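Worksheet: one structure, shown below.
The values are calculated or read from the model by the stated rules, or taken from the named source; none is laboratory data. The shown structure was predicted, so the numbers you read here are calculated from the model rather than taken from an experiment. Reconstructed Cβ throughout: ideal geometry from the backbone, glycine too, with neighbour counts over all protein chains shown.
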């Protein structure tokens, strides 16, 4: 698959429920020809006021947006992957420390934000993910 954008050329998002060594949710935004990706340890929030930790991970190819199945034992990320939500998104603000967007999915709808922060351990791939409205 060469392009996962819908017919109106909006970029896509996908959330994959990933039951690997620990259950988590992989949140992915189509941007710059790849899926920018974050691992979220708990179910993504559907209401404002709930903040989730989001760890930025390696980009994935666009065709990974359709992946569901079992990653075999012995491989990175081994475990069951299922699509938890998907849809399109409207980018509002895209910079290095703050990403704001409107999600149009089945479970996640409304304005969301990814906000980068540097915890005490100094690791730079840590973000907060939350619904603004």
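Summary of values
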| quantity | calculated |
| --- | --- |
| Considering residues of segment 117-133 that are part of a strand (DSSP E or B) and either under 26 Å from residue 9 (Cα atoms) or in contact (Cβ under 8 Å) with a residue 60 or more places away in the chain (or both) only, the residue nearest to the chain's Cα centre (by Cα) | 129 |
| Verdict on residue 57 being more than 23 Å from residue 121 (Cα to Cα), touching a strand residue (DSSP E or B) at 6+ places or on another chain (Cβ under 7 Å) and surrounded by 13 or more Cβ atoms within 10 Å (Cβ to Cβ) | no |
| Residue within segment 61-80 that is on the phi > 0 side of the Ramachandran plot, modelled with pLDDT of 95 or more and touching a strand residue (DSSP E or B) at 6+ places or on another chain (Cβ under 9 Å) present | no |
| Residue within segment 102-116 that is assigned to a loop (DSSP other than H, G, I, E, B), out of contact with any strand residue (DSSP E or B) (no Cβ under 8 Å at 6 or more places or on another chain) and either at positive phi or surrounded by 13 or more Cβ atoms within 10 Å (Cβ to Cβ) (or both) present | no |
| Candidate set: segment 73-100, residues that are more than 13 Å from the chain's Cα centre (by Cα) and under 13 Å from residue 18 (Cα atoms); chosen: the one surrounded by the most Cβ atoms within 10 Å (Cβ to Cβ) | 81 |
| Residues within segment 25-35 that are touching a strand residue (DSSP E or B) at 6+ places or on another chain (Cβ under 8 Å) and surrounded by fewer than 20 Cβ atoms within 10 Å (Cβ to Cβ), tallied | 2 |
